[in-house]
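*Asks:* Here it is, the structure in full.
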């Protein structure tokens with residue numbers, strides 16, 4: 001009986017370890033803050049690192065080698081009181097590409113509206129049903145965005161569970177004193193990020209995410225021509241979103257993460273492929289148009 005109980009305990013511990021989904025680097029920068037007590041920022045960094053990496057965020061069985069690599073950088077610009085701080089938070093996540101060592105950026109966003117309380121050595125707690133702390137709510141919100149985007153690249157609408165959780169976190173924070181959660185405060189904040197990822201008008205975004213990565217990047221090393229065709233078709237899907245709303249938040253997020261990668265993908269394409277994709281990209285992402293025009297220019301020392 002003891003052997004069976006021990007076996008079950010080992011299985012439980014193993015499943016809990018495997019269930020932790022993130023391999024997240026956390027950095028807290030406090031160089032702008034004038035204070036003699038710098039230890040609190042190191043303690044803060046450690047607490048956030050443990051909160052993010054040790055919390056079980058999903059019910060999915062994720063092996064150690066499948067953990068999602070991401071980074072969270074918090075830049076503190078002001079110490080408002082003994083336990084209240086203000087600054088920005090930068091979040092980035094990547095996805096490994098099948099059969100290669102390459103990691104594709106899925107999310108790269110800086111949130112400049114980050115004000116929170118942190119009491120040294122106090123445990124960080126998060127609730128799915130109430131807004132307990134702006135620090136943990138913001139962290140949990142972006143973690144669910146990271147998870148949703150990653151899962152959406154492996155199955156169509158695979159990230160909806162996590163986008164819905166992000167939406168619940170937004171709803172819970174509607175009475176919070178800190179900004180970043182409400183629709184009227186900005187058209188590019190946490191409210192609109194969760195809203196747009198669940199908006200039925202933007203279903204083509206999710207189709208693009210899946211096709212671009214799963215049937216495009218994942219076969220690029222072995223079948224480059226087929227892969228580029230899939231990526232081109234995926235990007236063509238974004239035209240419907242641009243024509244519906246040229247300033248759509250999710251378009252900006254997509255191309256901020258992908259523009260450099262897209263240029264590299266098509267730098268070796270045939271001239272007719274290049275001409276087609278440049279025309280599409282200049283239309284739907286004019287902010288990076290000069291970058292896309294460089295697709296047809298051979299790199300120095302190249303072909």
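*Asks:* Arranged by the count of other C-beta atoms within 10 angstrom, fewest first, what order do 130, 94, 153 take?
*Replies:* Least to most surrounded, the residues fall as 130, 94, 153.
*Asks:* Among 98, 121, 202, what is the fewest-to-most ranking by other Cβ atoms within 10 Å?
*Replies:* 121, 98, 202
*Asks:* A further question on this structure: Enter the angle in degrees (range 0 to 90, nearest 10) between the Cα long axis of helix 224-236 and the first principal axis of the Cα atoms of the chain, meaning the one along which they spread out most.
*Replies:* 70
*Asks:* Can you give the extra length, in nm with one decimal, that the chain gains between residue 264 and residue 78 once fully stretched, where that is 0.36 nm per residue apart less the Cα-Cα distance?
*Replies:* 63.0 nm
*Asks:* When all alpha-carbon pairs of the chain are counted, what percent fall beyond 24 Å?
*Replies:* Roughly 57 percent, rounded to a whole number.
*Asks:* Label 7 Å along Cα→Cβ of residue 23; region 76-102 residues with amide nitrogen under 15 Å?
*Replies:* 93-102
*Asks:* In addition: Can you figure out the FRET efficiency of residue 98 with residue 61, using R₀ = 22 Å and their beta-carbon distance, to the nearest 0.05?
*Replies:* Between residue 98 and residue 61 the formula returns 0.70.
*Asks:* Which FRET efficiency value, to the nearest 0.05, do you get for residue 240 and residue 171 by plugging their Cβ-Cβ distance into 1/(1 + (r/R0)^6) with R0 = 25 Å?
*Replies:* E between residue 240 and residue 171, to the nearest 0.05, is 0.35.
*Asks:* Below 8 Å between Cα atoms, with a sequence gap of 6+, how large is the relative contact order for the chain in percent?
*Replies:* 12
*Asks:* Continuing with the same structure: Assuming a ≥ b ≥ c are the square roots of the Cα gyration tensor eigenvalues, decide whether region 205-296 counts as rounded (a/c under 1.5), prolate (otherwise, with a/b larger than b/c) or oblate.
*Replies:* oblate
*Asks:* For residue 88 and residue 164, calculate 0.36 nm times their separation in residues minus their Cα-Cα distance, and state this gained length in nm to one decimal.
*Replies:* Going from the current span to full extension adds 24.9 nm.
*Asks:* Nearest 0.05, what FRET efficiency do residue 49 and residue 105 give at R0 = 22 Å with Cβ-Cβ as r?
*Replies:* 0.55
*Asks:* Starting from the Kirkwood radius over alpha-carbon pairs of region 61-111, derive D by Stokes-Einstein at 25 °C in a medium of 0.890 mPa s and give it in µm² s⁻¹.
*Replies:* For the chosen part, D equals 185 µm²/s.
*Asks:* Take each of the peptides 33-40, 77-84, average the number of other beta-carbon atoms within 10 Å over its residues, and list them starting from the highest.
*Replies:* 77-84, 33-40
*Asks:* Helix-only mean residue ellipticity at 222 nm, the chain, DSSP H runs n ≥ 4 weighted -39,500 (n - 2.57), per residue, nearest 500. What is it?
*Replies:* Theoretical 222 nm ellipticity from helices: -14500 deg cm²/dmol.
*Asks:* Here's another thing I want to ask about it. Rounding to the nearest 10 and keeping the result within 0 to 90°, find how far the Cα-based axis of helix 39-54 lies from the longest principal axis of the chain.
*Replies:* That works out to roughly 70 degrees.
*Asks:* Further question: In degrees from 0 to 90, rounded to the nearest 10, what is the angle of the helix 203-212 Cα long axis to the longest principal axis of the chain?
*Replies:* Approximately 80 degrees, to the nearest ten.
*Asks:* Contour minus end-to-end for residue 125 and residue 282, with contour as 0.36 nm per residue of separation and end-to-end as the Cα-Cα distance?
*Replies:* Stretched out fully, the residue 125 to residue 282 stretch lengthens by 52.0 nm.
Bear in mind these aren't lab numbers, they're just calculated from the coordinates by the rules spelled out. No experiment lies behind these values; they were computed from the predicted model shown. Don't worry about glycine lacking a Cβ; one is built from the backbone with ideal geometry, like all the others, and counts go over all protein chains shown.
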